[in-house]
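Below you'll find the structure, written out as structure tokens, and then a few comments.
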Amino acid sequence: MTAIRPLVAGNWKMNGLLSSVSEAAALAELLRSNDEIEADAMICPPATLIPLLAERLTGSRVAVGGQDCHQIESGAHTGDISAEILADAGASAVIVGHSERRADHGESDATVNAKALAAYRAGLVAIICVGETDAQRDAGETLDIVAGQLRGSVPAAAGAGNTIIAYEPVWAIGTGRTPTADDVAEVHNHMRTQLIAIVGDGESSAMRLLYGGSVKPSNATELMAVENVNGALVGGASLKADDFFGILSAYTAG
């Protein structure tokens, strides 16, 4: 297995005012003062904050990403935002296919695939999300659901340099519930294997696979140590610098 540098990405969702920039700056300072953290960090704020954070975090160890993008480069799509606009605002990546987008906006695997291609077109890294619902898990369908989402959502043009996969069991997002370490390992090992058919063995072995779903400082060390987990996609715990840094601390050297 190729050595993969971990990434901890924070999805602020529909949270964050101008005052929240100070939390991002505080995280950057914590990372500057603690160079033993051997992981990359990213914040995905609301689109209104991307230019501010990109400017404030220039030269720091914290990258900035978007939370969603439209498939089309420009045009009459009121309220949407293109990958090109995100890149122009200072983003280096964008989340696509988050379960909340799939559920609240009816996004299909095909739509997610198109959005990932839009990210590539704009020079952004696509963070493609997959994950099963509680009902699907109880029916024993987890591996089949995740494999199907990967086949439908991950473009053939995906590679380790332009794509990150985030496994987020829907029933664990923001609920305080988390799968066991063995459960997470089973899904992540399965994803690694499934990706071979989509992107090839070499790219699959080098691609970052993130875990997301009620990740917090108290469970980060255990979850980040799971086989084939190369970081986390964090929700609520990313809103406060100290909590986010507590998760990043799972990757302290030595």
What are the residue pairs meeting all of these: first residue in segment 29-51, first residue assigned to a strand (DSSP E or B), second residue hydroxyl-bearing (Ser, Thr, Tyr), Cβ atoms under 8 Å, and 6 or more apart or on different chains? 37/249; 37/251; 37/252; 42/92; 43/238
Can you pull out every residue in segment 39-66 that is of a type in the set (Asp, Glu) and more than 14 Å from the chain's Cα centre (by Cα)? 55
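Specify which of the listed residues (25, 9) is surrounded by fewer than 21 Cβ atoms within 10 Å (Cβ to Cβ), touching a helix residue (DSSP H, G or I) at 6+ places or on another chain (Cβ under 9 Å) and either outside any loop (DSSP other than H, G, I, E, B) or among the hydrophobic types (A, V, I, L, M, F, W, C) (or both).
It is 25.
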I'm trying to understand the selection: among the residues of segment 131-180, which are over 19 Å from residue 235 (Cα atoms), hydrophobic (A, V, I, L, M, F, W, C) and either modelled with pLDDT of 95 or more or touching a Pro at 6+ places or on another chain (Cβ under 6 Å) (or both)? 139, 143, 145, 146, 147, 150, 154, 156, 157, 158, 160
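Report whether or not residue 164 is under 24 Å from residue 178 (Cβ atoms), of a type in the set (A, V, I, L, M) and touching an Asp or Glu at 6+ places or on another chain (Cβ under 8 Å).
no
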Can you tell which of 177, 151 is in contact with a Phe, Trp or Tyr (Cβ under 8 Å, 6 or more places away or on another chain) and more than 20 Å from residue 94 (Cβ to Cβ)? 177
Test result for residue 57, crowded, with 18+ Cβ neighbours inside 10 Å and farther than 19 Å from residue 212 by Cβ: yes
If residue 68 meets every condition in (1) farther than 22 Å from residue 42 by Cα; (2) in a loop (DSSP other than H, G, I, E, B) apart from one, which number is that one? (1)
Hey, could you check segment 71-123 for residues that are outside any strand (DSSP E or B) and touching a residue at least 60 places away in the same chain (Cβ under 8 Å) and say which is surrounded by the most Cβ atoms within 10 Å (Cβ to Cβ)? 98
Looking only at segment 130-165, how many residues end up being over 29 Å from residue 3 (Cβ atoms) and either of a type in the set (S, T, N, Q) or in contact with a strand residue (DSSP E or B) (Cβ under 6 Å, 6 or more places away or on another chain) (or both)? 2
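The values are calculated or read from the model by the stated rules, or taken from the named source; none is laboratory data. All values reported here derive from a predicted model rather than from experimental measurement. Methodologically, a virtual Cβ is constructed for each residue, glycine included, from the backbone with ideal geometry; neighbour enumeration extends over all protein chains shown.
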